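A short write-up of the structure that comes next.
None of the figures in this text is laboratory data; all of them are computed from the coordinates on show. Just so it is clear, the structure is predicted and the values come from calculations on it, not from any experiment. Here Cβ is always computed from backbone atoms with ideal geometry, including for glycine, and neighbour counts include all displayed protein chains.
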Amino acid sequence: MANIWSFPSDFQFIGKEKPFKTFTEVFDHFKNKQALFCLWFKRDHLCKNEFKHHQKLKTFLKSKDIELVYGCYNQNENDIPWAKEIKEHKLSGTHLYMNKQLYDDSRNLNISGYIPVYLLLDKNGKVKLCKKLKPKDGEKFYKLIESLL
């Protein structure tokens, strides 16, 4: 049986060794980069439905030099269901460990009502919420991202 904590090389994890306390710290970590943050709940079917569209999303983001970063709200480093889900849904890329302090700080982002949440960080460090449109919306979502850069 494969080790649940063994991930392919295209999975990276941040915030485990040195946990982030605020999203300002997270965004500073990506200074001078573009990143799309997907914040999700592991027990939410809407989040899982969006993952079906992430392979195409990753292709689009790569063409725009935008890193995809996943943050799971109800995850911790010893969470076996979370580890199984990110493998099952092929969520390769960067995964942000979200401790309780970081989860609490997410309330300052004014993102309630948008699960999963997609936040775009531009090269200037400005964070923009991708309201209403999601990866399932295909070209409309991609045009929104381009307009927010």
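Annotations for the structure displayed:
- Over 25 Å [Cα-Cα, the chain], rounded percent: 23 percent
- Its relative contact order, with pairs defined as Cα atoms under 8 Å and 6+ residues apart, puts the stretch 8-149 at 35 percent.
- Amide proton proximity set for Q12, modelled H, under 5 Å, gap of 5+: G93, T94, H95
- Computed lengthening from D44 to K136, 0.36 nm per intervening residue step minus Cα-Cα distance: 31.6 nm
- Net charge contributed by nearby residues that have their C-beta within less than 11 Å of D105 (K/R +1, D/E -1): +1
- Amide hydrogen proximity for Q34: with H placed 1.01 Å from N in the peptide plane, the residues at 5 or more positions away or on another chain lying under 5 Å are E67.
- Among L133, L96, L119, the residue with the largest mean-square fluctuation in a Gaussian network model of the chain, with springs joining Cα atoms closer than 10 Å, is L133.
- In order along the stretch 122-139, the phi-based Karplus estimate (6.51 cos²θ - 1.76 cosθ + 1.60, θ = phi - 60°) of 3J(HN,Hα) comes to 8, 5, 8, x, 7, 10, 10, 7, 8, 6, 6, 7, 9, x, 4, 7, x, 4 Hz; Gly and Pro are listed as x.
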